[in-house]
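Taken together, the values in this text are just the output of simple stated rules run on the coordinates, not laboratory data. Bear in mind the structure is a predicted one, so any value in this text is a computation, not a measurement. A quick note on method: Cβ atoms are made from the backbone with ideal geometry, for glycine too, and the neighbour counts reach across all protein chains shown.
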Amino acid sequence: MTQTHAQSNLVQNLNIRLVAYNPSQNSNNVQLVRITTKDVIQAFAGTAVPKGQLQLVTPPGNQPGTTGDLNAFLRVTSGNNIVTTIPSPDSFNLFQDGAIVKTGGNHSVSHSLNRFSIDFGAFHSELQGHSTWNIVSKNQGGLDMGGSGSFTSNVNGVSTWDSVTIADVPTQGTITASAPKPGP
């Protein structure tokens, strides 16, 4: 009989800070619309979420510098409760077009071009930009943490926040993720 061990996902808190450049309704001015993690959580859940967290969930198997679809998905939590899941690849996709990895000891830094495609609830966005990943290869409870790391992405693209912006307005900002932890 073959025995298999299910590996845990890697879970990271995601922080979004964007500015959308929305045309003003009554003039030729541009209205700057700030879009935060809290706004995205509300757009996904359809309501305010007390103690809401936006999490990036990555299945095991990615290695530093992996290119292509990272097979990650998003979820909104409130405390220990999962409020909603944003599935990959239908409603969320984190795609890495290219990466250069520098490794020293058990620490790697990856400079990459990442794309974030989001189409869920009242928020829709196509963003891309330079990301710096800080990856510490270590084991936590038997789980190899080497395929993911904390990151900061400086992104730009287009976004639509239903009932707030018109469709596909220019958008720029940052997406950051905390260090990964094993999780469901």
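Here are a few things to note about the model shown:
- Aspartates and glutamates whose Cα lies under 17 Å from that of K38, excluding same-chain neighbours fewer than 8 positions away: D119, D162
- Alpha-carbon Rg/Rh ratio, for the chain, with Rh computed the Kirkwood way: 1.01
- Counting only aspartates and glutamates at least 8 places from K51 when in the same chain, those with an alpha carbon closer than 15 Å to its own are D39.
- Between T132 and N15, the simple spin-label model (points 7 angstrom out along Cα→Cβ) gives 1.5 nm.
- Extended-chain gain in nm, criterion 0.36 nm per residue less alpha-carbon gap, V101 and K51: 14.5 nm
- Put a plus charge on the Cβ of each Lys and Arg, a minus charge on the Cβ of each Asp and Glu, and nothing anywhere else: the dipole of the chain about its Cα centre is then about 580 debye.
- Computed E for I166/N71 - FRET, C-beta separation, R0 45 angstrom, nearest 0.05: 0.90
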